[in-house]
Amino acid sequence: MLPTISRSADAVVMIDQRKLPGVELYVTCRTAPEVARAIKTMVIRGAPAIGVAAAYGIALGMRRSRASGTQKFAAEFYKICELMAETRPTAVNLFWAIDQMKRAFAAAATAGESVAQIKDRLDATAERIHDEDVESCRAIGRHGATIVPDGARILTHCNAGALATAGYGTALGVIRGAVEAGKKITVLADETRPFLQGARLTAWELVRDGIDTTVITDSMAGALMAQRQIDLVVVGADRIAANGDVANKIGTYSVAVLAREHDIPFYVAAPASTVDLATPDGSAIPIEERNAREVTHVGSSRLAPEGAHVRNPAFDVTPNRFVSAIVTERGIFRAPYLESLARAFRPDVATVTSR
Ligand code: MRU
């Protein structure tokens, strides 16, 4: 499995996703601010992966703390949590993971644990978040495989693969699950302008796994659907609101509308940490606006003229009516999502206190 992120005694190590597929480089973060910077600058990206990175970053930061008293230690802890929360706004997994760390800290404090014991507990919590994410992705793969017909030609957008998670992937987890179930699958990967997660990362992962992959530009999806060359769509998610509206990489909404027009199922695959019952609908999801340079340039080459205004919203919201089903580790959920998601995920909502 791809080594997206790992922890050693004094560092968090990540594959640098900005450099793939050309260069396989690993970035070693030795402090919490270095981990926060890696998240912000997209060394690591993808909703579950940034949650895992934040948890490891917090644990690493506290491991390095020189505070001997619990009060000073607590002040440092909350400061680092804040730092992580400021990195990226849309993926709720980040806030979910920070919340898990805060709950571990609170439980340790209530139990009267020493600073050394709290450090161990934070390390163990981050490790658990990492391990559970891999397990969730594998379960998503097993459930998802049941809705993928043999011979399916699957379109995916962005990268919701091993690189975007602790391993295996969500949307690519469904594809991997179908392949492991013995189905013959071909994948179309939208290039995903402007950051090109599809062309660079999804294609790299799938080719590495020996899965038949064709890269297309985002604007080709409609024509291929009209020609009946796509059987289903599966994408990941950065946040799923209580009513089933889905925030995901910019361009996902266009794909969903096209899929509806052509009667093609549009599936979303995500773990429970992406489901945010505290956000009533998609209009309440904060959408990250990223640097204009991602749009005006490819690498160091300028495409757009100086002086043109630029927009770069990194995510969009797909209304629930376009979503055929949501595949999670707890099973497959269909409309009406307000009810089906509440039934399956209600206990989690009470645990998420920060966002
Ligand atoms: O800006 P990114 O690359 O972090 O955006 C990633 C996506 O939109 C993914 O599709 C989403 O996080 C799901 S990852 C399993």
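The rows are residues; the columns are (1) more than 25 Å from S136 (Cβ to Cβ); (2) within 14 Å of the chain's Cα centre (by Cα); (3) buried (at least 16 other Cβ atoms within 10 Å of the Cβ).
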site: D16; (1), (2), (3): no, no, yes
site: G46; (1), (2), (3): no, yes, yes
site: G51; (1), (2), (3): no, yes, yes
site: Y56; (1), (2), (3): no, no, yes
site: R88; (1), (2), (3): no, yes, yes
site: T110; (1), (2), (3): yes, no, no
site: E113; (1), (2), (3): yes, no, yes
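If you go through region 166-185 and keep only what is within 22 Å of the chain's Cα centre (by Cα) and closer than 24 Å to T217 by Cα, you end up with G169, T170, A171, L172, G173, V174, I175, R176.
Among the residues of region 192-200, are any among the small types (G, A, S), within 23 Å of G51 (Cβ to Cβ) and part of a loop (DSSP other than H, G, I, E, B)? Outline the logic, then answer.
Initially, region 192-200 is screened for residues among the small types (G, A, S), giving 198-199.
Cutting the leftovers down to within 23 Å of G51 (Cβ to Cβ) gives us 198.
Remaining after also requiring part of a loop (DSSP other than H, G, I, E, B): none.
Scanning region 192-200 turns up no residue that is among the small types (G, A, S), within 23 Å of G51 (Cβ to Cβ) and part of a loop (DSSP other than H, G, I, E, B).
When the criteria are applied in full, G169 fails the requirement of being part of a loop (DSSP other than H, G, I, E, B), in the same structural domain as V233 (by TED's automatic domain parsing) and away from the ligand (no atom under 14 Å from the Cβ). Residues in region 172-203 that are near the ligand (Cβ under 10 Å from one of its atoms), crowded, with 24+ Cβ neighbours inside 10 Å and farther than 26 Å from E127 by Cβ: T192, Q197, G198, T202. The set of residues from region 3-41 being closer than 21 Å to P271 by Cβ, in a loop (DSSP other than H, G, I, E, B) and within 13 Å of the ligand (Cβ to nearest atom) comprises T4, Q17. Taken across region 204-223, residues that are within 21 Å of R290 (Cβ to Cβ) and buried (at least 24 other Cβ atoms within 10 Å of the Cβ) do not occur at all. Can you spot a residue in region 161-178 that is more than 19 Å from F266 (Cβ to Cβ), touching a Leu at 6+ places or on another chain (Cβ under 9 Å) and among the small types (G, A, S)? Taking every residue of region 161-178 in turn, at least one turns out to be more than 19 Å from F266 (Cβ to Cβ), touching a Leu at 6+ places or on another chain (Cβ under 9 Å) and among the small types (G, A, S).
The values are calculated or read from the model by the stated rules, or taken from the named source; none is laboratory data. Remember, it's a predicted structure, so these values are computed and weren't measured experimentally. We place every Cβ from the backbone using ideal geometry, glycine too, and count neighbours over all the protein chains shown.
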